[in-house]
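Undergrad: After the structure tokens below, expect a handful of questions from me.
The values are calculated or read from the model by the stated rules, or taken from the named source; none is laboratory data. From a predicted model like this one, the values you see are computed outputs, not experimental measurements. Cβ atoms come from the backbone with ideal geometry, glycine included; neighbour counts cover every protein chain shown.
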Amino acid sequence: MASKKIAVMGTQHSGKTTLIKNISNFLKSKGYSIGLVEEVVRDCPYQTQEMATLKAQDWILEEQMRREDALEGKFDIIILTDRCLLDNFAYWKRVAERVKLGNDKMLKMERKVFNHAKKYSIILFLQPFKTKKIEDDNFRSIDFAWREEMHKRIEDVVKRFSSRYNTPIVYIKGNANEMFEQSIKHVLDVL
């Protein structure tokens, strides 16, 4: 049996990790076994964030696909992803445009990413917190303008994807409790 895939996406400081922990704990309490793909970018051996190279972004996309595929069918129903291919693709596309990769190559990667992402059962798209202060975890960028730029880029990718595929995409916002309540309702609908 194929695993259900719940993709959680959004920019830094949007509550992805907290939401995933809450959903995962809830579903485990209901008897589901959970496969979790952590945020792949944290394992990238190359420069990431604002200074990322195309090599780094290629590695992140390929590793995300590899990790998702490695968990397929090994867990009862659920695979949660902290970031998914769509938001990682938005970061990739930013770098590809900066290095003037070329439209044919960008469309080829988009097709590859979208073809993989259409297997998601549901995508929870977290809207960033309104605060301009981003907690410094010594990894992710704390630049508010960068976060806003990436949020717009992710929205653009989501619009392109949703115009071609019927994968449910739910926009989630609020505090941690509100996001959990909104999300778990939609997650239970796809189980």
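Undergrad: Could you please tell me which pairs satisfy a Cβ distance under 9 Å, a separation of 6+ or placement on different chains, a first residue in segment 178-191 that is farther than 16 Å from Ile77 by Cα and in contact (Cβ under 8 Å) with a residue 40 or more places away in the chain, and a second residue that is among the charged types (D, E, K, R) and outside any helix (DSSP H, G or I)?
TA: Met179/Lys173
Undergrad: Give me the pairs: first residue in segment 41-68 and at positive phi, second residue at pLDDT below 95 and surrounded by 15 or more Cβ atoms within 10 Å (Cβ to Cβ), beta-carbon distance under 7 Å, and six or more apart or on different chains, which are they?
TA: Cβ pairs passing all conditions: Gln49/Arg140; Gln49/Ser141.
Undergrad: To continue, here is another question. Against the conditions (1) buried (at least 19 other Cβ atoms within 10 Å of the Cβ); (2) more than 25 Å from Ser162 (Cα to Cα), where does Pro45 fall short? Just the number, please.
TA: (1)
Undergrad: Also, quick follow-up: Consider segment 172-191. How many of its residues are part of a loop (DSSP other than H, G, I, E, B) and aliphatic (A, V, I, L, M)? Please lay out each step first, then the result.
TA: Narrowing segment 172-191 to residues part of a loop (DSSP other than H, G, I, E, B): 173-175, 191.
Subset that is aliphatic (A, V, I, L, M): 191.
Result for segment 172-191: 1.
Undergrad: Condition (residue is at pLDDT 90 or above, buried (at least 23 other Cβ atoms within 10 Å of the Cβ), closer than 20 Å to Phe114 by Cβ and not charged (D, E, K, R)) applied to segment 70-85: is it met by at least one residue?
TA: Looking through segment 70-85, at least one residue is at pLDDT 90 or above, buried (at least 23 other Cβ atoms within 10 Å of the Cβ), closer than 20 Å to Phe114 by Cβ and not charged (D, E, K, R).
Undergrad: Which of the residues spanning segment 150-171 are assigned to a helix (DSSP H, G or I), over 14 Å from the mean Cα position of the chain (by Cα) and within 20 Å of Lys4 (Cα to Cα)?
TA: Ser162
Undergrad: Please work out which residue is farthest from Met150 (Cα to Cα), limiting yourself to segment 47-58 and to residues that are at pLDDT 95 or above and touching a Ser or Thr at 6+ places or on another chain (Cβ under 9 Å).
TA: Per the stated criteria, the residue is Ala56.
Undergrad: Looking at (1) buried (at least 20 other Cβ atoms within 10 Å of the Cβ); (2) at pLDDT 95 or above, can you tell me which one Glu63 breaks?
TA: The one condition Glu63 does not meet is (1).
Undergrad: Which of the residues belonging to segment 96-130 are surrounded by fewer than 17 Cβ atoms within 10 Å (Cβ to Cβ) and in contact with a Cys (Cβ under 7 Å, 6 or more places away or on another chain)?
TA: Once the filter is applied, which keeps residues that are surrounded by fewer than 17 Cβ atoms within 10 Å (Cβ to Cβ) and in contact with a Cys (Cβ under 7 Å, 6 or more places away or on another chain), segment 96-130 yields nothing.
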